[in-house]
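The values are calculated or read from the model by the stated rules, or taken from the named source; none is laboratory data. No experiment lies behind these values; they were computed from the predicted model shown. Note that each Cβ is placed from the backbone with ideal geometry, even for glycine, and that neighbours are counted across all protein chains shown. Side chains included, ligands, DNA and RNA excluded: accessible areas come from the protein's heavy atoms. Shrake-Rupley method; radii C 1.70, N 1.55, O 1.52, S 1.80 Å.
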Amino acid sequence: MVSIMIDVCIKNCKISPETSSCCIHIDHGQIIDITKTPAKAGKVINAKNNLILPGLIDVHVHFRDPGLKYKENFRTGSQAAANGGFTTIMDMPNTIPPTNTSKDFKKKLKIASKRSIIDYALHAGISNLEEVKKIAELKPASFKIFMDMVDGGFMMGAFHKISKISKKSNRDIPITLHAENKEIINHCTEELKNKGNNSPEDYVQARPSLAEEVAVSQALALSHHYNQKIHFCHISTIKSLEIIRRSKTFLNVSSEITPHHLFLDSSEFKKWGNMAKTNPPLRKLSEKIIWNDLNQIDLIGTDHAPHTLQEKEKDVWNASPGIPNLEVVLKLLLTSYNNRKISLDSVKRLLCENPAKIFNLKNKGFIKKGMDADLVIIDINKKGTMKSDEFHSKAHYTPFEGINYQGQAVMTICRGNVVMENGEVLENKGNHVYS
């Protein structure tokens, strides 16, 4: 009788704190069984009774590749992601050139294929509406609209075109939205500049909560009219969230929150200045989404947006907005779990399950037979301090600098391949998740 050997067996792992240890059997990059006893395998990983989660999925990153590789690229960005427990990322289109033609979409796919050590997808931009159909054939994660840069006529045309393509192709292609109203931002910014208000704290007033709430309402109206699936990036105010919640009864709509909008508020500008500058900005405590509202949020997107220190140190109107978050978010959430602010089920919902469901990743987001073997082993008790100089990202700054944490990823596994072990990032070739 011939004994069959599988590729990988992870033994002594716990899928939840309440369950006993189990073994996950992996072959050809997929989970083929979950048992009490280990199988014969070419590689055996001892999880040492640590918890294991599905590999994290970040639907919102900016890897700056091509055109801005001095800030980040698919290699350094994916290494940062692996170090943070992520096995799949979705890159935004605002690179140089933007990913808004089929030609440039193909070029970026090729770049990601060569450089990314974890699985990836690309969001597409929109410029010429005739290009939308060509890009749709290449299977983008979504079409992204930056509402702070376009007018209502553009929005109407984009929604009309994409909804028609979705119906004809029988594929529900989402529109993802940076929801801030351009006219309100321009008006408020000009007023502040004329008054000579030039401190980092003034930036909150330049992009007020109303700008987000108006944009959210406009996008929901378009979604309703065209029967179009939409996803709101980085929702930052409780009123925006309430508007979205009311619409969920009759619209296919989802929303995300970033780590900085969840954990921080506008008072951080006094300590960090432009290092805390993002779009949309951090909100006042009276306006922001708090922990009790988290059950209304569908997922967490890091909005990993790296810049150089020189770019962040410019004056408030010229400093680049964005924070690198891939290597801090799981530590922050596990610390919150240890402080009894959030359950592990909620962590999985926000970073694994819902991202997979909303963006149609059929083989990811869950630990069960037949799924991709995307996994992250976490030491729930491991303590440390946030240090940006230890980041694998090219961006070495964070408004979470110096915060003590408890709980972190100690191993990240992408389709059965170890891509990070105890902070050391290993070689691997990521796949396009929609190919």
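Quick one: in segment 168-196, which of the residues that are of a type in the set (Asp, Glu) and free of Cβ contacts under 8 Å to residues at least 24 places away in the same chain is nearest to Ile126 (Cα to Cα)? Per the stated criteria, the residue is Glu183.
Only one entry in Leu350, Leu344, Leu285 is at pLDDT 95 or above and either under 17 Å from the mean Cα position of the chain (by Cα) or of a type in the set (Lys, Arg) (or both), namely Leu350.
Please give the number of the condition Asn295 fails out of (1) open to solvent by 10 Å² or more (accessible area, probe 1.4 Å); (2) within 21 Å of Met155 (Cα to Cα); (3) polar (S, T, N, Q); (4) assigned to a helix (DSSP H, G or I). That leaves (2) as the condition not met. Of all residues in segment 192-203, one or more are of a type in the set (Phe, Trp, Tyr), buried (at least 21 other Cβ atoms within 10 Å of the Cβ) and farther than 19 Å from Leu294 by Cβ. Comparison of Lys270, Lys239 shows that the only residue that is within 30 Å of Thr308 (Cα to Cα) and part of a helix (DSSP H, G or I) is Lys270.
Pairs are defined by a Cβ separation below 8 Å, a sequence spacing of at least 6 or placement on different chains, a first member in segment 280-296 that is among the polar types (S, T, N, Q), and a second member that is assigned to a helix (DSSP H, G or I) and surrounded by 13 or more Cβ atoms within 10 Å (Cβ to Cβ); the pairs so defined are Asn295/Ser346; Gln296/Leu241; Gln296/Ile244; Gln296/Arg245. Here the condition is being surrounded by 24 or more Cβ atoms within 10 Å (Cβ to Cβ) and farther than 21 Å from Leu177 by Cβ; of Leu309, Leu330, it holds for Leu330 alone. With respect to the conditions (1) modelled with pLDDT of 95 or more; (2) among the hydroxyl-bearing types (Ser, Thr, Tyr); (3) in a helix (DSSP H, G or I), Ser166 lacks only one, and its number is (1).
Going by the structure shown, is Ala221 buried (at least 22 other Cβ atoms within 10 Å of the Cβ) and not in a loop (DSSP other than H, G, I, E, B)? Criteria not met by Ala221.
If I ask for residues that are open to solvent by 10 Å² or more (accessible area, probe 1.4 Å), closer than 25 Å to Lys312 by Cβ and either assigned to a strand (DSSP E or B) or in contact with a His (Cβ under 8 Å, 6 or more places away or on another chain) (or both), which ones from segment 398-417 would you list? Those that are open to solvent by 10 Å² or more (accessible area, probe 1.4 Å), closer than 25 Å to Lys312 by Cβ and either assigned to a strand (DSSP E or B) or in contact with a His (Cβ under 8 Å, 6 or more places away or on another chain) (or both): Asn404, Tyr405. The residue that is modelled with the highest pLDDT, counting only those in segment 169-202 that are among the hydroxyl-bearing types (Ser, Thr, Tyr) and more than 14 Å from Gln228 (Cα to Cα), is Thr189.
In the set (1) closer than 24 Å to Asn325 by Cβ; (2) open to solvent by 20 Å² or more (accessible area, probe 1.4 Å); (3) in contact with a helix residue (DSSP H, G or I) (Cβ under 7 Å, 6 or more places away or on another chain); (4) touching a residue at least 40 places away in the same chain (Cβ under 8 Å), Pro208 fails one condition alone, (4).
When segment 242-258 is limited to residues that are part of a helix (DSSP H, G or I) and in contact with a strand residue (DSSP E or B) (Cβ under 7 Å, 6 or more places away or on another chain), the one that is surrounded by the fewest Cβ atoms within 10 Å (Cβ to Cβ) turns out to be Ser247. May I ask you to verify whether Leu68 is within 23 Å of Gly430 (Cα to Cα) and surrounded by fewer than 20 Cβ atoms within 10 Å (Cβ to Cβ)? Considered against the rule, which asks whether it is within 23 Å of Gly430 (Cα to Cα) and surrounded by fewer than 20 Cβ atoms within 10 Å (Cβ to Cβ), Leu68 comes out as yes.
Residue-wise test of (1) touching a helix residue (DSSP H, G or I) at 6+ places or on another chain (Cβ under 6 Å); (2) buried (at least 24 other Cβ atoms within 10 Å of the Cβ); (3) farther than 21 Å from Glu180 by Cα.
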site: Pro280; (1), (2), (3): yes, yes, no
site: Lys288; (1), (2), (3): no, no, no
site: Glu313; (1), (2), (3): no, no, yes
site: Asn318; (1), (2), (3): no, no, no
site: Asn360; (1), (2), (3): no, no, yes
